[in-house]
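Peer 1: Below is one structure. I have some questions about it.
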Amino acid sequence: MRKYTRSITLEEATDVVVVGSGPAGLAAAIAAARSGATVRLVEQYGFLGGNLTGGLVGPCMTSFSLDGKVQLIRGIFDEFVRRMESLGGAVHPSQTVSGSPYSGFMTFGHEAVTPFDPEVAKRVSMEMALEAGVELLLHSMVVDTVVEDGAVTGIVVAHKGGMSYVPAAVTIDASGDGDVAARGGASFQYGRDSDGGVQPMTLFFRIRDVDDEAVSRYQAEHPEERFPFESIVERAHDSGTYSLPRRGVQLFKTLEPGVWRVNTTRVTGVDGTNVHDLTMAEVVARQQVVQLMEFFHHELPGMENCRLLDTAGTIGVRETRRIDGEYAITLEDLTEGRPFEDVIAVAGYPVDIHSPTSINGPFDDGVPPTANVYEIPYRALVPAQLDGLIMAGRCISGSHEALAAIRVMPPAFAIGEAAGIAAARAVADRRAPRHIDVTDLQERLLRSGAYLGERMSTPDPLITTRS
């Protein structure tokens, strides 16, 4: 360990700085700016969207209740989807059903998914942020957190010009890994209780020239298979002909004929907060893509002539730090649908644990199903030990099992929108985020189009419900 001292540049202060422009950070920045705050959004890539765009992760998992009848994630998420839809770049979730090619032929937890084009998502992300008045700081990565008297007062970022101090009254940590909170000294949890294992990483990729009808025909002829081509993969495992990373081939039809997203690479035993592990995971996952393409060509109906279209710009990390908050969401909260007086979002996606040590998952480890609708409390966004900071996305406070449900993109949008409005209110009221008026926050969320469950919301004729 060596000490390093250097003078750095000072950026102009803003009311709010948001770290990370994935679904949570994007929604947080837009919501804070629309609420009247000056907002800077710090992003390590040259575009917005995080795993939504650069990670090629898709479709968005359900934004509806578990039974697929009521749209739960609305507000900025619904606006985002409808804007993509108007450009021909998405299908609204009210128009998709489980068991279809768009849902990867899966049924449980895959009702009302949102297929979308990542390039259209990049465009709409940028447009919505700029229209709201968000200042962008791209190609910049957080390297440190500045804490004064127990409160975060800003961050240090590294970029092509060197390093800069970025001050703000309130910081929103939407980094996914809780980087800002951890570097500020906040305590956190990591992995499952039994051994600290975290869910595996996956590199998404897309293939073209697929015979869509042949793939769908195979699935229609094998309704007993939970995952596409499950029996073919099992035979390959048993014979030792191929070394495949999962039990099936998880793939999702896109809006373009013959083009599918593939979610089948898997790298276990790696830490997404360790650069050496991340490097190794990228290498291994990209090697798996080559092996999978060979398997597709030789073994899978409809895939004989498919070609690799592209791989994600970065490997997808499902789980790292979970910052200790004023409240930690538990599995029981989700399975019982426990009500919270400080509810700021509701969701219906089930507990989706990909095993940290095996080829099992999702939905393989005997975890009980969630309630049809469950609630996310504001206290889970507030670090127990730091002021001036709000968490958003998969690094909020909760258990390993709870994270496996709320980590997906639609809930991240909802959590981010709440974080953004909360940050703006903290600035306007000159209060620490933990001391804002949560009833006022809820009212502002409802006025912005969010949904907080039947007991908090009035019926909205513009939102589709399904029988």
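The values are calculated or read from the model by the stated rules, or taken from the named source; none is laboratory data. A quick note: this is a predicted structure, and the numbers were derived from the prediction, not measured. Cβ sites come from the backbone with ideal geometry, for glycine too, and all protein chains shown count toward neighbours.
Peer 1: State which residue pairs qualify: first residue buried (at least 19 other Cβ atoms within 10 Å of the Cβ) and inside the range 285-303, second residue assigned to a helix (DSSP H, G or I) and of a type in the set (S, T, N, Q) in any location, beta carbons under 9 Å apart, and separation of 6 or more residues or different chains.
Peer 2: G302/S216
Peer 1: Hey, another quick one. Please verify whether the range 255-264 includes one or more residues that are among the charged types (D, E, K, R), buried (at least 20 other Cβ atoms within 10 Å of the Cβ), under 29 Å from F47 (Cβ atoms) and touching a helix residue (DSSP H, G or I) at 6+ places or on another chain (Cβ under 7 Å).
Peer 2: Within the range 255-264 (the criterion being among the charged types (D, E, K, R), buried (at least 20 other Cβ atoms within 10 Å of the Cβ), under 29 Å from F47 (Cβ atoms) and touching a helix residue (DSSP H, G or I) at 6+ places or on another chain (Cβ under 7 Å)), the answer is no, since none of the residues qualifies.
Peer 1: Moving on. Show the residue pairs meeting these rules: Cβ distance below 7 Å; 6+ apart or different chains; first residue within the range 392-409 and farther than 20 Å from T171 by Cα; second residue part of a loop (DSSP other than H, G, I, E, B) and basic (K, R).
Peer 2: H400/R192; L403/R394; R407/R318; R407/R394
Peer 1: Also: From G388, G453, which residue is surrounded by fewer than 23 Cβ atoms within 10 Å (Cβ to Cβ) and on the phi > 0 side of the Ramachandran plot?
Peer 2: G453
Peer 1: Just a yes or no: is a residue in the range 220-229 loosely packed, with under 15 Cβ neighbours inside 10 Å and outside the structural domain of T268 (by TED's automatic domain parsing)?
Peer 2: no
Peer 1: So which of S216, S164 ends up being assigned by TED's automatic domain parsing to the domain that holds D387 and not acidic (D, E)?
Peer 2: Answer to the check: S164.
Peer 1: Looking at the range 320-329, which of its residues are out of contact with any Gly (no Cβ under 7 Å at 6 or more places or on another chain) and either in a loop (DSSP other than H, G, I, E, B) or among the hydroxyl-bearing types (S, T, Y) (or both)?
Peer 2: Of everything in the range 320-329, those that are out of contact with any Gly (no Cβ under 7 Å at 6 or more places or on another chain) and either in a loop (DSSP other than H, G, I, E, B) or among the hydroxyl-bearing types (S, T, Y) (or both) turn out to be D324, E326, Y327.
Peer 1: Can you work out which of the residues in the range 185-215 that are in a strand (DSSP E or B) and of a type outside the set (V, I, T) is surrounded by the most Cβ atoms within 10 Å (Cβ to Cβ)?
Peer 2: The selected residue is M201.
Peer 1: Given the criteria over 22 Å from the mean Cα position of the chain (by Cα) and assigned by TED's automatic domain parsing to the domain that holds T62, does E299 qualify?
Peer 2: no
Peer 1: Let me ask you something else. I want to confirm something. Restricting to the range 139-188 and keeping residues that are hydroxyl-bearing (S, T, Y) and in contact (Cβ under 8 Å) with a residue 60 or more places away in the chain, which single residue is nearest to R394 (Cα to Cα)?
Peer 2: S175
Peer 1: Do the conditions hold for Y349, that is, is it farther than 25 Å from G185 by Cβ and either buried (at least 24 other Cβ atoms within 10 Å of the Cβ) or of a type in the set (D, E) (or both)?
Peer 2: yes
Peer 1: What pairs come up if the first residue lies in the range 60-89 and is at positive phi, the second is at pLDDT 95 or above and part of a helix (DSSP H, G or I), and their beta carbons are under 6 Å apart, counting only those six or more places apart or on different chains?
Peer 2: Within 6 Å, the pairs are G75/E417.
Peer 1: Being basic (K, R), surrounded by fewer than 23 Cβ atoms within 10 Å (Cβ to Cβ) and farther than 29 Å from A418 by Cα is the requirement here; does R307 meet it?
Peer 2: Against the criterion (basic (K, R), surrounded by fewer than 23 Cβ atoms within 10 Å (Cβ to Cβ) and farther than 29 Å from A418 by Cα), R307 qualifies.
Peer 1: Could you tell me whether M280 is at pLDDT 95 or above, surrounded by 16 or more Cβ atoms within 10 Å (Cβ to Cβ) and part of a helix (DSSP H, G or I)?
Peer 2: When the stated conditions are applied, M280 does not pass them.
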